[in-house]
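Below is one structure, written out as structure tokens; comments come after it.
The values are calculated or read from the model by the stated rules, or taken from the named source; none is laboratory data. These figures come from a predicted structure and were not determined experimentally. Here the Cβ positions follow ideal geometry from the backbone for every residue, glycine too, while neighbour counts run over all protein chains shown.
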Amino acid sequence: MIYLDYQATTPLAPEAREEMLRWLDGPGGTGFGNPHSPHRLGRMAAAAVELARERVAALCPPGGKVIFTGSATEALNLALRGTARAGDARPLAVSAIEHAAVLDTAQALGCPVEILPVDADGLAGPAPAFPPDTRLVAVMQVNNEIGTIQPVDAIAAHAKASGALFLCDAVQGAGKIPPPAGADMIAISAHKLYGPKGIGALWVRDGVELAPLITGGGQERGLRSGTLSPALCAGFGVAAQLARQGCEADAAHVESLWVKAGELFAGWTLNGSAETRWHGNLNLRRDGLDVARLMADVRQVAFSAGSACASGSGRPSHVLRALGLTERQAKSSIRVGFGRYSTLAELEEAAEKIVAAAQQQE
Ligand code: PLP
């Protein structure tokens, strides 16, 4: 199987897996402690969690704290719901191409939601227009479907000048490009940066007040009760450290594959900006392509039809529609995503199979 769906999830880095095993001990071991227990095993586990917290925080700007959550979806819920005050009906402003974790949560809050448009390249403007009393602006750093990199530093400054909080979903950018320095809150997911599934984080700038989503034992500064998994935290921490240290090498590798991919998929149309984009994301379309048939014909390659989250729903991608694509164009698009462990040989073999199967449809 050739894996080319790096936006949906990434393979676990062997170094992260090894560290995780240390905290998945059985009887007689020392790695199974509850990190919230005061005895020695508990303190060892707590130390592992705090080391992981530092490593994840190093992916974020200075001047804030990392709250571990069960996923980035939960982190985004904590940010949006945790800053909502009872009786505060001020609007939220969110980009049209946000992940459902932001779009659906914003809609569920019951206050007005201003949708910030993107242009045909899939880019939001640096100073989007939103109502003057807007409470919070949310624009993602790198889009998960088309890879476009949003001008989040400019938008953060604009939001701040307007008196609004700025939330950035950095799930697809964390560890790959510099963090959104002006954000008040940043959501990250371990499994998108070669860490384990089941853990995410919300970075919160000092001074930003949040109410908990989950109450109970008061863990995570009272913001997210529940016993933490030291194994998941430790795996996340090692993955974050590797991403930070290997950021340039990862980007150079991805760039070399991107250049080759351009040749392999000549004749296909790229959705979204080619330049202002994470180059590990190829969202391509071909007029008249039956994507379901293509996926059935090319089972040896794991790639995606639109976003993994939306696939299976039968709905055309809201991201591709926001670029101005017709429903037909959106439905004839595929996403091929590669990263640290992808090889040129895999990309060549996959492209050959995909292109041949697409040509057979003509
Ligand atoms: N935001 C973006 C941009 C994503 O790509 C995803 C996952 O697909 C999420 C949020 C949700 O992340 P998680 O799987 O950790 O809930």
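In segment 89-114, the residues that are among the acidic types (Asp, Glu) form Cβ pairs under 6 Å with partners that are within 11 Å of the ligand (Cβ to nearest atom), at six or more places apart or across chains, as follows: Glu98/Met140.
Can you find a residue that is crowded, with 22+ Cβ neighbours inside 10 Å, under 14 Å from the mean Cα position of the chain (by Cα) and not in a strand (DSSP E or B) anywhere in segment 154-164? Among the residues of segment 154-164, not one is crowded, with 22+ Cβ neighbours inside 10 Å, under 14 Å from the mean Cα position of the chain (by Cα) and not in a strand (DSSP E or B), which makes the answer no.
Conditions first: (1) more than 27 Å from Val56 (Cβ to Cβ); (2) within 11 Å of the ligand (Cβ to nearest atom). Ile188 passes all but one, so which condition is the exception? Only one criterion in (1) more than 27 Å from Val56 (Cβ to Cβ); (2) within 11 Å of the ligand (Cβ to nearest atom) is unmet by Ile188, namely (1). Within segment 85-99, being at pLDDT 95 or above and surrounded by fewer than 21 Cβ atoms within 10 Å (Cβ to Cβ) holds for Arg90, Pro91, Ala96.
Within segment 71-83, if we keep just the residues that are within 8 Å of the ligand (Cβ to nearest atom) and of a type in the set (Gly, Ala, Ser), the residue that is surrounded by the most Cβ atoms within 10 Å (Cβ to Cβ) turns out to be Ala75. Exactly one residue among Glu50, Glu74, Glu54 is of a type in the set (D, E, K, R) and out of contact with any Gly (no Cβ under 9 Å at 6 or more places or on another chain), and that residue is Glu50.
So is Asp169 surrounded by fewer than 16 Cβ atoms within 10 Å (Cβ to Cβ) and either touching a residue at least 12 places away in the same chain (Cβ under 8 Å) or closer than 27 Å to Gln219 by Cα (or both) or not? Taking the combined requirement at face value, the residue does not satisfy it.
Among all residues of segment 30-42, there is at least one that is β-branched (Val, Ile, Thr) and more than 13 Å from Phe236 (Cα to Cα).
Here the condition is being touching a Phe, Trp or Tyr at 6+ places or on another chain (Cβ under 6 Å), in contact (Cβ under 8 Å) with a residue 12 or more places away in the chain and not hydroxyl-bearing (Ser, Thr, Tyr); of Ala201, Ala211, it holds for Ala201 alone. Which residue out of Leu103, Leu59 is in contact with a helix residue (DSSP H, G or I) (Cβ under 9 Å, 6 or more places away or on another chain), surrounded by fewer than 21 Cβ atoms within 10 Å (Cβ to Cβ) and under 30 Å from Leu270 (Cα atoms)? Exactly one of Leu103, Leu59 is in contact with a helix residue (DSSP H, G or I) (Cβ under 9 Å, 6 or more places away or on another chain), surrounded by fewer than 21 Cβ atoms within 10 Å (Cβ to Cβ) and under 30 Å from Leu270 (Cα atoms), namely Leu103. Taking the criterion of being closer than 22 Å to Gly175 by Cα and either loosely packed, with under 15 Cβ neighbours inside 10 Å or β-branched (Val, Ile, Thr) (or both), the residues of segment 252-283 that qualify are Ala252, Val254, Glu255, Ser256, Val259, Ala274, Glu275, Thr276.
Quick one: is Ala75 in contact (Cβ under 8 Å) with a residue 24 or more places away in the chain and in contact with an Asp or Glu (Cβ under 6 Å, 6 or more places away or on another chain)? Judged against the criteria, Ala75 is not a match. When the residues of segment 2-29 are filtered to those that are more than 20 Å from Gly237 (Cα to Cα) and without any contact (Cβ under 8 Å) to a residue 60 or more places away in the chain, the one that is farthest from the ligand (Cβ to nearest atom) is Gly28. With the condition kept exactly as written, say whether any residue in segment 131-140 is touching a Lys or Arg at 6+ places or on another chain (Cβ under 8 Å) and buried (at least 16 other Cβ atoms within 10 Å of the Cβ). The answer is yes, given that some residue of segment 131-140 is touching a Lys or Arg at 6+ places or on another chain (Cβ under 8 Å) and buried (at least 16 other Cβ atoms within 10 Å of the Cβ). Within segment 36-50, the set of residues being surrounded by fewer than 16 Cβ atoms within 10 Å (Cβ to Cβ) and either among the basic types (Lys, Arg) or in contact (Cβ under 8 Å) with a residue 24 or more places away in the chain (or both) comprises His36, Arg40, Arg43.
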